[in-house]
Amino acid sequence: MASALERPASRQGVMNWPETNVALFAFLLNLPWELWQIPLFKGMPSLAHWDGVIMCTRAAAGDAAIALLAFWLVAAASRTRDWMRRPSAATLGTFVAIGLVVTIALEYWATQIGGRWDYAEAMPRLPLLGTGLAPLLQWLLIPPLVVWLVRRQIR
């Protein structure tokens, strides 16, 4: 018996896999967001141009990895990789929530424990957690757009 998470036979080729599209759209949508956030992080505006581009590209790749993790967790919970074809409020909400939780944890670790980056004064922050508002908005706005684009692509 075939697993519900296996690739449907009607969809051949890696470019038709939902995972490929999630990674691609998540990266392409998050890269400009990362570049837009440069003034909100200490030291970023004064970096050499190419160093800033590399940092933002790595961050966008990390965002794509988070989106893939969220996709796979929702696929496992819903027992289908095709959940983006007809996303319910629950699957979309879970996809966004996973990204938010991972982002809050990573931002906390990076700013409070790991010393990976600091927020500039211009970054609005959540009162209790101190998490930057821009990274949270990123995970509220971009994932639904990723789902919409993937859904249109894999029809």
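The values are calculated or read from the model by the stated rules, or taken from the named source; none is laboratory data. As the structure is a computational prediction, the values presented were derived from the model and not from experiment. Don't worry about glycine lacking a Cβ; one is built from the backbone with ideal geometry, like all the others, and counts go over all protein chains shown.
So that you can scan it fast, the table gives a plain yes or no per residue for (1) surrounded by fewer than 18 Cβ atoms within 10 Å (Cβ to Cβ); (2) under 17 Å from the mean Cα position of the chain (by Cα); (3) assigned to a helix (DSSP H, G or I):
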residue	(1), (2), (3)
F25	no, yes, yes
P32	yes, yes, yes
L35	yes, yes, yes
L47	yes, no, no
I54	yes, no, yes
G62	yes, yes, yes
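Whenever a residue of segment 50-72 is closer than 14 Å to L35 by Cβ and in contact (Cβ under 8 Å) with a residue 60 or more places away in the chain, its partners that are of a type in the set (F, W, Y) and part of a helix (DSSP H, G or I), lying with C-beta atoms within less than 9 angstrom and at least six residues away or across chains, give the pairs D63/F27; D63/W33; D63/W139.
To keep it simple, each residue is scored yes or no on (1) within 19 Å of T111 (Cα to Cα); (2) in contact with a strand residue (DSSP E or B) (Cβ under 7 Å, 6 or more places away or on another chain); (3) of a type outside the set (G, A, S).
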| residue | (1), (2), (3) |
| --- | --- |
| L24 | no, no, yes |
| P32 | no, no, yes |
| L40 | yes, yes, yes |
| G43 | yes, no, no |
| A48 | no, no, no |
| D51 | no, no, yes |
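Just one residue in the set L149, L128 is over 21 Å from C56 (Cα atoms) and part of a loop (DSSP other than H, G, I, E, B); that residue is L128. For W117, the conditions (1) in a helix (DSSP H, G or I); (2) in contact (Cβ under 8 Å) with a residue 24 or more places away in the chain; (3) within 17 Å of P135 (Cα to Cα) all hold with the exception of (1). Test A4 against the criterion of being part of a helix (DSSP H, G or I) and either surrounded by fewer than 13 Cβ atoms within 10 Å (Cβ to Cβ) or modelled with pLDDT of 95 or more (or both), and give yes or no. No. In this entry, A70 passes the filter for residues that are within 16 Å of P144 (Cβ to Cβ), in a helix (DSSP H, G or I) and within 12 Å of the chain's Cα centre (by Cα). In summary, Y108 fulfils each of the numbered conditions (1) touching a Phe, Trp or Tyr at 6+ places or on another chain (Cβ under 8 Å); (2) at pLDDT below 95; (3) aromatic (F, W, Y) with the single exception of condition (1). Against the numbered list (1) surrounded by 13 or more Cβ atoms within 10 Å (Cβ to Cβ); (2) touching a Leu at 6+ places or on another chain (Cβ under 8 Å); (3) not aromatic (F, W, Y), R79 comes up short only at (1).
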